[in-house]
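Trainee: Just dropping this structure here.
The values are calculated or read from the model by the stated rules, or taken from the named source; none is laboratory data. Quick caveat: nothing in here was measured; it's all calculated off a predicted structure. All Cβ positions, glycine included, derive from the backbone under ideal geometry; neighbour counts span all protein chains shown.
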Amino acid sequence: MKEIKILIVEDDEEINNLIAGALRRESYMVTQVYDGKNALEEYNNNKFKIILLDIMLPYVDGIEVMRRIRLDSTVPILIMSAKGEETDKIIGLGLGADDYIVKPFSVAELVARVKAQLRRYMFFIDSSEKENTNLLTYGNMTLDLEKYIMLKNEEIINLTSKEFEILKLFFQNPTRVFTKAQIFNAVWGEEYMGDDNTVMVHMRRVRNKVEDNPDAPKCILTVWGIGYKLGDI
């Protein structure tokens, strides 16, 4: 197994140790911290493959920790929180979390979610480290960033510039959930003014071109109440 470092940010020592023990039994290298300040210090000094993050933390809360990490990293972030309200999930996922689990949770379920996130993230990391870094690959699709074309099953799919940029955004951030505002800001380069229709029309066009069955999409999935994400390979 490759050396896989995991950061656990949880102020409850008992829960922190319980999670750490389960992950160490899976042969992961685990770093434990108990507040947001130390979480940011560890993040800045190490390369973690996934971060397990509580929201209610001393000194710097989990939302602010995530916001700072998302300024320069796409590392998977799994939120662990006693807050189970739908609005809290939407805030967490909308700000860049990749998954959300509500306390109390099964440690076995948490470990399974960690493994699922790692599989997806490391697949794309390995792909990006190939000799030709101008290629982004997802399943049977490849974006050529130099030639500005997309191939599906080795056949060219004609995309507009905005459609290409949408797919590029998702392929470069394979574990993230994007809100409509985040997609609009990244692709159009303008401040989002609440016009959902523009994004939804372009997402529908993208699906019509890349999905085997646009009515049952597997590539770009809708996360209800939040936005869109890549499906599993």
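Trainee: Does segment 45-63 contain at least one residue that is modelled with pLDDT of 90 or more, on the phi < 0 side of the Ramachandran plot and of a type in the set (S, T, N, Q)?
Mentor: yes
Trainee: Separate question: Take the residues in segment 15-28 that are under 21 Å from Ile101 (Cβ atoms) and in contact (Cβ under 8 Å) with a residue 24 or more places away in the chain, then tell me which one is surrounded by the fewest Cβ atoms within 10 Å (Cβ to Cβ).
Mentor: Residue satisfying both the conditions and the ranking: Glu26.
Trainee: Let me ask you something else. What tally of residues in segment 210-227 results from selecting those that are over 14 Å from Tyr138 (Cβ atoms) and buried (at least 16 other Cβ atoms within 10 Å of the Cβ)?
Mentor: Count: 2.
Per-residue answers, yes or no, for (1) touching a helix residue (DSSP H, G or I) at 6+ places or on another chain (Cβ under 6 Å); (2) over 20 Å from Ala116 (Cβ atoms); (3) hydrophobic (A, V, I, L, M, F, W, C):
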residue	(1), (2), (3)
Asp12	no, yes, no
Tyr28	no, no, no
Tyr34	no, yes, no
Glu42	no, yes, no
Tyr59	yes, yes, no
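Trainee: Which of the residues belonging to segment 166-175 are crowded, with 18+ Cβ neighbours inside 10 Å and under 17 Å from Arg204 (Cβ atoms)?
Mentor: Of everything in segment 166-175, those that are crowded, with 18+ Cβ neighbours inside 10 Å and under 17 Å from Arg204 (Cβ atoms) turn out to be Ile166, Leu167, Phe170.
Trainee: Right, here's the next one. Among (1) acidic (Asp, Glu); (2) surrounded by fewer than 16 Cβ atoms within 10 Å (Cβ to Cβ); (3) under 14 Å from the mean Cα position of the chain (by Cα); (4) within 21 Å of Ala116 (Cα to Cα), where does Asp99 come up short?
Mentor: Single failed check for Asp99: (2).
Trainee: Limited to segment 29-82, what total is found for residues that are part of a loop (DSSP other than H, G, I, E, B) and touching a residue at least 40 places away in the same chain (Cβ under 8 Å)? Give the derivation first.
Mentor: Taking segment 29-82 as the starting set, the residues that turn out to be part of a loop (DSSP other than H, G, I, E, B) are 34-35, 46-49, 55-61, 70-76, 82.
Filter once more, so that each one left must be touching a residue at least 40 places away in the same chain (Cβ under 8 Å): 46-49, 56-58, 74-76.
Of the residues in that region, 10 qualify.
Trainee: Also: I'm trying to understand the selection: among the residues of segment 106-140, which are under 30 Å from Glu14 (Cα atoms), at pLDDT below 90 and not basic (Lys, Arg)?
Mentor: Listed by number, the residues that qualify are Ala116, Gln117, Leu118, Tyr121, Met122.
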